Each structure stands twice: as C-alpha cells, then as structure tokens.
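Contents: one structure, followed by commentary.
The values are calculated or read from the model by the stated rules, or taken from the named source; none is laboratory data. As the structure is a computational prediction, the values presented were derived from the model and not from experiment. Virtual Cβ from ideal backbone geometry, glycine too; neighbours counted across all protein chains shown.
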C-alpha cells in the first residue's frame, strides 16, 4: 500500500468513526427530546407504578398496577385537586405538539450544530412550560408536595438536558449515554408520581 493509499484509508476510517459518533449522538438526543414533557421529561418513559399517592385524600385507584397491563389510572375526588390537574394537563396538551415538532427538527438536522440548536429550542420550551405550570395555584396543602416531586425534579432535568446539549456539541457520546441514563431514572420516578397524583396528559407515556 502506498503512502497516499494509506492516508486515504486512514481518512476514510476517521470519517466513518465521526459519522457513527454523530449518528449515535443524534439518536440519543432525539430519544431524549421524545421524553420531554411538563417542563422536563414526565410523559415519555415507562412508568414506575409503585407510587403511594393513591393513599392520599382525594385520590382513588381505578386499576391495579401491572408491569405489562394497563397504565395505573387515578380518580380524583377532591374538587380543588381536580381543577388543578385540569389546568396543568391543559398546558401539557398545548405544548405537546411543539415538543413533537422539536423532536422532528432534532432528528432531521443535518449536522451537529443544527442538532444542538434544535435541542436547545426544546429546552427553552421546557423552561417556559415549567414557568406556566408553576404559575398555577396549587391545591391547599399540596404546595410542598408538588414542589418536591414535580417542580424541583423538572428543573433538575432541564439542567441535565443543558449538560446533554453541551456534550452533544462536543460529540461526547459516552457522556450523553451517562446523562441519558440519569434522565431516564428521574423520568420514571416523575412519571409515576404524576400518574399517582392524578395527571392524565402530563402523566402519559
């Protein structure tokens, strides 16, 4: 093999590695955007059904938990909580199409810079959604509960996604995988709480 042929082989190998890295990054980011909801990532991961929220006043179970069966659904009997859930679900329902469009833009982006820009747009949308939800008065006695189990976790998830964006810009696939695993774990817990509290749209998988 001549020196020129060796250079071409090396360049081809490096190009293939870069293409594979960018492809893996795009897949991870697109999947992460698919998890985005309620300001963070509450509606696109598999639910953990071990929430004990059904034992709280104003909530009754309507299905039994099952790893392979239907999603656990709650029936809210407290009027204040029902009104709150309705208003928050309305925000999630309005934002969902924008999140879906953001996911498409990330997946269809031609290069890393475009992926990062599209992903950052979904993060900004998440912050705006969180602000709208936090502006809705919480039911009496539930403020601390929602802050600890929804608002703070969502805020942490958005910050985590900002770190993922920085990792994508540097094409650090290993970092993306690690952060995505953290995000998945948080999402499962958050989705389980949302469903146990009584959210429907904001608790969808």
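For segment 166-205, filtered to residues that are outside any helix (DSSP H, G or I) and either within 15 Å of the chain's Cα centre (by Cα) or under 20 Å from residue 147 (Cα atoms) (or both), the residue that is modelled with the lowest pLDDT is 205. Applying the criterion of being in contact (Cβ under 8 Å) with a residue 60 or more places away in the chain and buried (at least 16 other Cβ atoms within 10 Å of the Cβ) to the residues of segment 128-150, the residue that is farthest from residue 189 (Cα to Cα) is 139.
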